[in-house]
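We did not get these values from a lab; they are worked out from the coordinates using the rules stated. No experiment lies behind these values; they were computed from the predicted model shown. Positions of Cβ are generated from backbone atoms using ideal geometry, with glycine treated the same way; all protein chains shown enter the neighbour counts.
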Amino acid sequence: MISIVSHSSEIRVWARAILIAVGVDAQCLCDVDAEQSGWRERLALSTLIVTDVVTAAQLPDGFEPQVFRVISDSSLEELKHFSGG
């Protein structure tokens, strides 16, 4: 079971579409809305978690997320430069 976890429905939809496009069986995907109570308990049967960086920081101990980045590392560096970071 691959859980797609985020507070953002857009991220969940896009991550699902990308995973299906690369050949993952849609029946192996579990959509987990981190806005709903009890979302952490739904991760118990997951073999892989796909998430964004905000939600990754909120995962229970013991889970190793695969962070879904929609902005490249070079773009993040450029943003840090412009923001004075």
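Look at the alpha carbon pairs under 8 Å that are at least 6 residues apart: their mean separation over the length of the chain gives a relative contact order of 32 percent. Quick query: amide H of I4 versus all other amide H atoms, modeled in the peptide plane; which residues come in under 5 Å with a sequence gap of 5 or more or a different chain? Counting only residues 5 or more places away or on other chains, the set is C30, D31, V32, V50.
Each stretch of four or more DSSP H residues adds -39500 (n - 2.57); spread over every residue of the chain, this sum gives -9000 deg cm²/dmol at 222 nm. The protection proxy used here, the mean number of other Cβ atoms lying within 10 Å of each residue, ranks peptides 56-62, 37-43, 1-7 as follows, highest first: 1-7, 37-43, 56-62.
Using the Stokes-Einstein relation with a Kirkwood hydrodynamic radius computed over Cα pairs, the translational diffusion coefficient of the chain at 4 °C and a viscosity of 1.567 mPa s comes to 94 µm²/s.
The length gained by stretching the chain between S72 and V54 to full extension, at 0.36 nm per residue less their Cα-Cα distance, is 4.9 nm. For H81 and V24, a Förster radius of 35 Å and the Cβ-Cβ distance give a FRET efficiency of 0.45, rounded to the nearest 0.05.
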